[in-house]
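The values are calculated or read from the model by the stated rules, or taken from the named source; none is laboratory data. Nothing here was measured: the structure is a model prediction, and the numbers come from that model. Ideal geometry is used to build each Cβ from the backbone, glycine not excepted, and the neighbour counts take in all protein chains shown.
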Amino acid sequence: MLAGRSWSVDRLPGGLTNVNLRVTTDDDRDPALDLVVRCSHGDPALLGIDRDAEHRNTETAAATGVGAPVLEFRPDLGMLAIGYLPGRALVDADFTDADLMGRAARSVRTLHGGERFTGDFNMFARQAAYLATIREKGFRLPPDYESYADQWDDVRRALAASPRPSVPCNNDLLAANFIDEGTRVWLIDYEYSGNNDACFELGNTAAECGFTPEMTEAWTEAYFGTPTRADLARVRLQSLCSRYGWSLWGFIQAAASPLDFDFWSWGLERFDLARAAFADPGLPQLLEEAAGA
């Protein structure tokens, strides 16, 4: 694709498992290219990443109209090239803008209404796999992490009592994975994509972006229109699932990643919030409302 071309490259910010490079051609040949090359490193299996599924699901998201087009996939080199999307990567504070929150929710609904993805994602299965990896490898874990196993199972049973149909989900929609073009919002980064409960998608964003309870309610309303009490309960419980499950991702990365980043603190921040949610006196009501949907 770039053979024989003159081009320049800039490193893009963000990314905790990859290096992202923006590559633009600067010669007179057509077509002019403007693309992002995602260069992965490390052992994707350690984090449960399927690069082939990521590639196929990125293509599906593009066809749905919310993702970047795939230009080339080189699994032998750990590279995925996609078209550069115009716009601005969001930060957490952007979601205080009701109009922007509405645009973001519309894009998430569009993704969820599109063609099904390759593979499924379930945080309970992912958490169990991550915990097994930590035990097998002898990685460091907060000493009280497993003391919440019974409450974790209560959450699982409540969500399973009235299961929802799965839809194609990104499953990692932190603020930087929303690209706002002003009139539309793109969704990027499909490393953890798979068919899942839509409420996990919403709860995960609420957790990753530090939403207040009021913002979580507004986010749920922006997606559902008129959410039921069960909808909101499921989103809040899935926010807890996000924090408790993804904290293990941080603890694995703290032991295995070559990057100079404090993954332990990243994981501990999420675990501390999960601790607080497990101790919240309102948790039994959430369990009841979700189970009684």
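Out of the residues in region 130-160 that are aliphatic (A, V, I, L, M) and surrounded by fewer than 16 Cβ atoms within 10 Å (Cβ to Cβ), which is nearest to L286 (Cα to Cα)?
Filtering region 130-160 for residues that are aliphatic (A, V, I, L, M) and surrounded by fewer than 16 Cβ atoms within 10 Å (Cβ to Cβ), the one nearest to L286 (Cα to Cα) comes out as A160.
Any residue at all in region 273-285 that is farther than 21 Å from P165 by Cβ, without any contact (Cβ under 8 Å) to a residue 24 or more places away in the chain and among the charged types (D, E, K, R)?
yes
For region 78-135, how many residues meet the condition of being assigned to a helix (DSSP H, G or I) and within 19 Å of G65 (Cβ to Cβ)?
12
Tell me, which residue of region 175-196 that is in contact (Cβ under 8 Å) with a residue 60 or more places away in the chain and acidic (D, E) is farthest from A158 (Cα to Cα)?
So, considering only residues that are in contact (Cβ under 8 Å) with a residue 60 or more places away in the chain and acidic (D, E), the one farthest from A158 (Cα to Cα) is E181.
Before we move on, is D260 surrounded by fewer than 18 Cβ atoms within 10 Å (Cβ to Cβ) and outside any helix (DSSP H, G or I)?
It is true that D260 is surrounded by fewer than 18 Cβ atoms within 10 Å (Cβ to Cβ) and outside any helix (DSSP H, G or I).
Can you confirm whether A254 is among the small types (G, A, S) and more than 22 Å from the chain's Cα centre (by Cα)?
So A254 does not fit the description; no.
Considering region 163-198 alone, what residues qualify as being of a type in the set (V, I, T), farther than 19 Å from E59 by Cβ and buried (at least 22 other Cβ atoms within 10 Å of the Cβ)?
V185
Looking at the structure I just gave you, is A230 part of a helix (DSSP H, G or I), touching a residue at least 12 places away in the same chain (Cβ under 8 Å) and under 20 Å from the mean Cα position of the chain (by Cα)?
So A230 fails the test.
Working carefully through the options L111, L47, L33, L2, find the one that is over 30 Å from G138 (Cβ atoms) and either exposed (fewer than 12 other Cβ atoms within 10 Å of the Cβ) or at pLDDT 80 or above (or both).
L111
Condition check: surrounded by fewer than 23 Cβ atoms within 10 Å (Cβ to Cβ), within 27 Å of T60 (Cβ to Cβ) and among the charged types (D, E, K, R). Does E201 satisfy that?
no
Could you give every pair whose Cβ atoms fall below 7 Å, whose first residue belongs to region 126-137 and is closer than 12 Å to S247 by Cα and assigned by TED's automatic domain parsing to the domain that holds G250, and whose second residue is modelled with pLDDT under 95 and outside any helix (DSSP H, G or I), counting only separations of at least 6 or pairs across chains?
Every condition considered, the pairs that remain are R126/G48.
Answer yes or no as to whether G78 is in contact with a helix residue (DSSP H, G or I) (Cβ under 8 Å, 6 or more places away or on another chain), at pLDDT below 90 and not aliphatic (A, V, I, L, M).
Taking the combined requirement at face value, the residue satisfies it.
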